[in-house]
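To start, the structure itself, in structure tokens.
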Amino acid sequence: MIQIFLLSFAVTVAVAKMSPFIVGGNEVSIKNWPFIAFVQITGPIKVAACGGSLISSQTVLTAAHCLDDFTKKKKVIGVTFRIYMGHASLEKSKLTRSVVDYESHKDYSPDDVNVICDIAVMFLSRPVKFGSKVQKVILQPKFSAKVDKKLAVAGWGNVSRID
């Protein structure tokens, strides 16, 4: 079962080997993270999934690599996007929307490790109604993480690695 989980960590200045998985953390209530969206991408052969954040009633923010790398630069023929919201368990989420279009950062490239440009917005087929389990995220005007400050990462996944 895929559920929302929370992973806390301290920001440190160090070079570390990248892992393709974030594992660990704890399951959390959707009431604490009501802006979390599950992005399901289905193509002719494969299925991919990413997390996102609801930034308006009809717009979800996600990573460009989740979209462009899968659709090969917006060639969305045969690709469908489905957004799930409003429940900590994907299987129990009754609030879904399809995506009519998306826009990636103009400087995003899958060959560039510059994560600043790895951002995209998806436009939903119709607005969602806000409530206790579905709200838009509050965007900060400027990010300034300092060394040894606590941060939290919330997203969809498993609390343990499954192969």
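The values are calculated or read from the model by the stated rules, or taken from the named source; none is laboratory data. Keep in mind that what you see is a predicted model, and the values were worked out from it rather than measured. We place every Cβ from the backbone using ideal geometry, glycine too, and count neighbours over all the protein chains shown. Just the protein is used for accessible areas: all its heavy atoms, side chains included, with ligands, DNA and RNA removed. Shrake-Rupley method; radii C 1.70, N 1.55, O 1.52, S 1.80 Å.
One table, with the values for the structure above:
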item: One residue from 31, 17 being over 14 Å from the mean Cα position of the chain (by Cα) and either in a strand (DSSP E or B) or modelled with pLDDT of 85 or more (or both); result: 31
item: Hey, residue 37 out of contact with any Pro (no Cβ under 8 Å at 6 or more places or on another chain), surrounded by 19 or more Cβ atoms within 10 Å (Cβ to Cβ), under 15 Å from residue 82 (Cβ atoms) and modelled with pLDDT of 75 or more or not; result: yes
item: Only listed residue being open to solvent by 30 Å² or more (accessible area, probe 1.4 Å) and either modelled with pLDDT of 85 or more or at positive phi (or both), chosen from 61, 54; result: 61
item: Pick from region 98-112, criterion within 18 Å of the chain's Cα centre (by Cα) and not hydroxyl-bearing (Ser, Thr, Tyr), ranking: least open to solvent (accessible area, probe 1.4 Å); result: 99
item: Options 133, 92, 142, 149: the member that is over 15 Å from the mean Cα position of the chain (by Cα), at pLDDT below 85 and surrounded by 12 or more Cβ atoms within 10 Å (Cβ to Cβ); result: 92
